[in-house]
Amino acid sequence: MKTVEVVTAILIKDNRIFAAQRASGEWSGCLEFPGGKTEPGETAREALVREIREELNIEIGIDSLYETVEYDYPSFHLSMQCFLCHIVSGNVELKVHSAAKWLGLNEIDSELWLPANKTLLEKIRKENDPVFFLNGT
């Protein structure tokens, strides 16, 4: 099975996490943490900064690696490095997503998420991780 390696940003602001809605494809309408694939020669952090700039037109600071999610979709294996991040400058401008929202911990379960992102949310919810809701700027 083919492995796809991606990086995602868990953006935190005002005790909420950022979720973007896919605009097209098989998972259209589902929420995800924004990010994308690493290009040859890029580190995970460089790829994430580039992807967020391309997708959301903002500059981010990367605080730390929160989790690496391994998830098997029917046609490929996903390895997703998830970084805690914050916005350094700019206002979110959706370039590839159809919508976006900031969600509190009590709101994340009421949304339709991509399966691999749901795995990450389970960890956040189980741990009721205070880093998400105390770290926000």
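Nothing in this text is a laboratory measurement; each read-out follows from the coordinates by a stated rule. No experiment lies behind these values; they were computed from the predicted model shown. Neighbour counts are summed over all protein chains in view; Cβ atoms, including those assigned to glycine, are modelled from backbone coordinates with ideal geometry.
Secondary structure note: in the chain, about 70% of the DSSP beta bridges are antiparallel. The translational diffusion coefficient of the chain, from Stokes-Einstein at 37 °C and 0.692 mPa s with a Kirkwood hydrodynamic radius over alpha carbon pairs, comes to 219 µm²/s. Kirkwood analysis of the range 65-116, using all unique Cα-Cα pairs, places the hydrodynamic radius at 14.0 Å. Of all lysines in the structure, the ones whose alpha carbon falls short of 22 Å from that of Lys37, not counting any fewer than 8 places away in one chain, are Lys2, Lys95, Lys118.
Model label sites at Arg50 and Ser24, defined 7 Å from Cα along the beta-carbon direction, differ in position by 2.1 nm.
Would you please give the FRET efficiency between Met1 and Glu67, computed as 1/(1 + (r/R0)^6) with r the Cβ-Cβ distance and R0 = 25 Å, to the nearest 0.05?
So, using R0 = 25 Å, E works out to roughly 0.70.
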